[in-house]
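The next block holds one structure in the form of structure tokens; read it before the comments.
The values are calculated or read from the model by the stated rules, or taken from the named source; none is laboratory data. Keep in mind that what you see is a predicted model, and the values were worked out from it rather than measured. Glycine also receives a Cβ, built like all others from the backbone with ideal geometry; neighbour counts cover every protein chain displayed.
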Amino acid sequence: MQTPLDRYRQTATRTALPLYVQTSEKHTDISDLTSASLDNLWSVHDNPGTHSNGCSLLDLKIEIAKRIMQKCSLCEWRCGADRAAGETGFCGVGSESYYFFEQILCGEEAPVIPSHEVFFSGCNMRCKFCYSWQSLENTSYGKLMNATDFAETVENRKAEGAVNLNLIGGEPTVHLLNILQAIKSFKSPIPIVWNSNLYMSTSTMRLLDGIVDLYLGDFKYGNDTCASQIGGIKHYFETVTRNFISAASSSDIIIRHLMLPGHVECCFRPIAQWISKNMPDVPFNLMPQYTPFYQALNDPELSKSLTPEEIAEAGSITSSLNLNMREWNIPLDMDRPATCIGTGELSTTVIIRPDGRVTFMHLHNDLLQVVESLENGGI
Ligand code: SF4
């Protein structure tokens, strides 16, 4: 019988190769694409094989993404910035993309690991508890993305054992064009995991159809008031629920919710109710590992930890609504290869919280013993 692990790994064959198939025998060069109207490009995109003059679907997606970014509406902010000309909108990202970390990791859901995770700088949300806060304030944080070099890195990680390419941020959506251009340089397909807040526009969802094998979708807030106050975002609930439905119709999806202290009733309960009503079979991962970072450290509510009562209440909600958490009944050490340890650069961050608790982020293996010793009262 096929396990969830098998299913997610088998998505490997869904991506990339069809994107390169020429849709007619007559070839054309990219200049023909650039002279076509956006309406015509969408028409070809949505009806491949009809009148595309031999360009690939991926070429079409790249050209459409370029057009969208000339008056940017990649996400629902719809800033209208001409990012090709170097203008920036809410996310602060222009025409270039930077990533500040890439490594094979095993911290995602068991069926998805070992995963080549790439963290891009820049995001279209401003969550007060963001653990990638350095890249929110500095969108040039990290390494400049170059399509050829990036493709080579992906190939190398794949050879080292990664079963997918996991694009994270910040938010990958704001880097769509550079990611598509990098995929064009891939020598062989690899499943694409879009690790996202799903606050993208419908146009972006259309472009991602056929690119993304699995959405790891963060369902962060259960109402627009909390989304605005904590995430700095408007029209949240309507936008992301629309995109969750669209994502589930075009590829595999796992929905996650990071529990926030004091937000079980206002956020988690409505999220759970929506999932139960609209996509009850979709795998759902409830994450109780909240730790305050960034502005949450100075926020009276968000600097707290979750209480055992809140975690118990959330568990009772998931049970009563019968959310699909069965997929995660896989031991996390199952099939975990050595590649999950120590590949790539890693900087350990130490946070001392207002309540005196100490949090380590990206803890090096060689520091683990020191921390365990401190935890046990010695050194
Ligand atoms: S990606 Fe979103 S936030 Fe960034 S410029 Fe475009 S519309 Fe604005």
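If I ask for residues that are farther than 28 Å from residue 136 by Cβ, surrounded by 14 or more Cβ atoms within 10 Å (Cβ to Cβ) and touching a strand residue (DSSP E or B) at 6+ places or on another chain (Cβ under 8 Å), which ones from segment 275-328 would you list?
279, 282, 283, 318, 323, 324, 325, 327, 328
I'd like the full set of residues that are more than 6 Å from the ligand (Cβ to nearest atom) and either surrounded by fewer than 17 Cβ atoms within 10 Å (Cβ to Cβ) or closer than 11 Å to residue 176 by Cα (or both), limited to segment 68-87.
Selection gives 68, 69, 70, 71, 80, 82, 84, 85, 86, 87.
In segment 151-167, how many residues are part of a helix (DSSP H, G or I) and in contact (Cβ under 8 Å) with a residue 40 or more places away in the chain?
Matching residues across segment 151-167 total 4.
So which residues in segment 131-154 are crowded, with 16+ Cβ neighbours inside 10 Å and either among the acidic types (Asp, Glu) or more than 24 Å from residue 77 (Cβ to Cβ) (or both), if there are any at all?
Across segment 131-154, the qualifying residues are 143, 146, 147, 150, 151, 153, 154.
Hey, can you tell me all the residues within segment 90-113 that are within 16 Å of the ligand (Cβ to nearest atom) and of a type in the set (D, E, K, R)?
The one that is within 16 Å of the ligand (Cβ to nearest atom) and of a type in the set (D, E, K, R): 96.
Test residue 121 against the stated conditions and say whether it is touching a Ser or Thr at 6+ places or on another chain (Cβ under 7 Å), within 16 Å of the ligand (Cβ to nearest atom), over 30 Å from residue 35 (Cα atoms) and in the same structural domain as residue 289 (by TED's automatic domain parsing).
yes
Take residue 176 and decide whether it is closer than 20 Å to residue 73 by Cβ, in contact with a Leu (Cβ under 6 Å, 6 or more places away or on another chain) and surrounded by 23 or more Cβ atoms within 10 Å (Cβ to Cβ).
Yes: the conditions hold for residue 176.
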